[in-house]
1. Give the lysines reachable from A:K160 as a straight Cα distance under 22 Å; neighbours fewer than 8 places away on the same chain don't count.
2. Apply the a/c threshold of 1.5 to the C-alpha gyration tensor of the protein assembly as shown and tell me whether it is rounded, prolate or oblate.
3. Report the residue, chosen from A:D16, A:D37, A:D231, that carries the largest GNM mean-square fluctuation when chain A is represented by alpha-carbon nodes joined by springs under 10 Å.
4. For segment B:155-239, with all protein chains present and a 1.4 Å probe, just round the carbon and sulfur fraction of the accessible area to a whole percent.
5. At a 1.4 Å probe, which residues in segment B:123-148 are at least 50 Å² less accessible with all protein chains present than in their chain isolated?
6. Place the label 7 angstrom along Cα→C-beta at A:P230 and in each other copy, then list the distances from the first to the rest in nm, shortest first.
7. Quick check: the angle from helix B:157-175's long axis to the longest principal axis of chain B, C-alpha only, nearest 10 degrees?
8. Of all accessible surface on segment A:2-151 at a 1.4 Å probe, what whole percent is carbon and sulfur?
There are 2 protein chains.
Amino acid sequence: MRAHSLATTPNLKCEDCPIRHRAVCAKCESDELRELDGLKYYRTVPAGQTVVWSGDEMDFVASIVSGIATLTQTMEDGRTQMVGLLLPSDFVGRPGRAQAAYDVTATTEVTLCCFRKRPFEDMMRRTPNIGQRLLEMTLDELDAAREWMLLLGRKTAREKIATLLTIIVRRDASLQLMGRDGPLEFDLPLTREAMADYLGLTLETVSRQVSALRRDGVIVLKGKRHITIPDFDRLLEETGDDADGGMLT
Amino acid sequence: MRAHSLATTPNLKCEDCPIRHRAVCAKCESDELRELDGLKYYRTVPAGQTVVWSGDEMDFVASIVSGIATLTQTMEDGRTQMVGLLLPSDFVGRPGRAQAAYDVTATTEVTLCCFRKRPFEDMMRRTPNIGQRLLEMTLDELDAAREWMLLLGRKTAREKIATLLTIIVRRDASLQLMGRDGPLEFDLPLTREAMADYLGLTLETVSRQVSALRRDGVIVLKGKRHITIPDFDRLLEETGDDADGGMLT
DNA sequence: CGGTAATTTGAAAGTCATCAAAATGAGTGG
DNA sequence: CCACTCATTTTGATGACTTTCAAATTACCG
């Protein structure tokens, strides 16, 4: 069964890699890139499949090339909390640690650019550009985690949903360029249950609050997953964050 | 008023520093330490005072030498969430960022070992040992943040209190050595309100749950702040985490 | 020994969870 | 192409847990 999950994929050359300028390799020079090219191997995981189980021996680290994965923690009685949402260019695994601390699950089909841990750690020691970039990325993740803590600890269910939607919109925006003002549209990459695990809610509450935002005209649904946002500032007001909506200071 | 908060203190020599082996300088060689010695200046902040306000220009980074500080986020309507608890050896500020992202407040009197940001960043570029140590520390903080997210999103009020108590006990243990089995004792370094901000609760709920744990014999109070834990495994069971209590596998 | 901040306690209300069932939708095979 | 099945989502009714508002109590400081 190991063989199944280790499906490999032909490697892309680093120069053509879509995450070349955002991933852990972003600061690497061309000679460093060549070395990475020799270490790496691609691996594709189908939607829904677990990449690593918490506690498992983990002999590789990886960058997400495409697709979406989640980090989750589970309590003994089954309560689960998502603690990371991994997008293209995000890093999986921790140099210097043998066992995975969280479950990593592919939400969509995911392609990983993997490095065996030992060789990667060795190279990191010799290559400041990698460690420096990983530090930047980790600091960004820590900031994101702290925003998330505010959401989990202090926001209402409605604010949580609105905030999650703005996060998804911003993510889409950072990947694609898009018209600033027109109505925004996107597909939810998460099930209601995954949204609930992200937000510290039940899936029923998620469903109810999504419906409420729809009733109030903050969002428009086409099907269950496709969302249109007629007025982004209106959505922002619902998040509880800086009501920076009035821009006429 | 700036002068007030900039009270300086005579520097300790790095060799004699109590956080020498845990702080951002932990991996530095003696020559590197000498250079840091030239950059650093001590600063002491009285209990209750804010060190930096979120959004402020921040021209230094620092290590906590002694005392306890908190990182908090505040929403417009006043809801606040603690997002970091800073103990001796913890790092304050982010290299490469001009403005503080959070409020930093001294819970007890705090002594900081400060470095002006620009010189520190310059040295970091030249000194891999600093960046490497900062990466380790940031990864640890990220793990802690993720545990915290599970607490905020999924634990009950009672479990939250029990978990916070174990965190404080473990912290004390990591600083001092202590008898493994006897009843543990310590002073709460946080007010009920600070505990509430940590846990995403109201201070009333904190008070009630502390009283409930006392009634149930999980903890013993002497005064409001001094706590004795007669049976640590019993407390662990209350956290909702791995009921690893039964150690007779 | 007051005075103020911190903490506890009480009563009522609200938000979200839980349990249950219906509705919707996607994929499969006839 | 449609019926069927299973997973996902919605909706409803009820209740638990936590918050809110208020007041009493305790502790700390000068």
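The values are calculated or read from the model by the stated rules, or taken from the named source; none is laboratory data. Owing to the predicted nature of the structure, the values given are computational and were not obtained by experimental measurement. Because the Cβ atoms are built from the backbone with ideal geometry, glycine has one as well, and the counts that use them run over all protein chains shown. We work out accessible area using only protein heavy atoms, side chains counted, and drop any ligands, DNA or RNA first. Shrake-Rupley method; radii C 1.70, N 1.55, O 1.52, S 1.80 Å.
1. A:K222, A:K224, B:K155, B:K160
2. Numbers: a/c = 1.36, a/b = 1.14, b/c = 1.20.
Cα axes put the protein assembly as shown in the rounded bin.
3. Top of the fluctuation ranking is A:D16.
4. Numbers: 2160 of 4270 Å².
Carbon and sulfur: 51 percent of the exposed surface of segment B:155-239.
5. SASA drop of 50 Å² or more in segment B:123-148: B:L135, B:T138, B:L139, B:L142, B:D143, B:R146.
6. Ordered by increasing distance: 6.3 nm.
7. 50
8. Numbers: 3360 of 6700 Å².
After summing per-atom areas, the C and S share lands at 50 percent.
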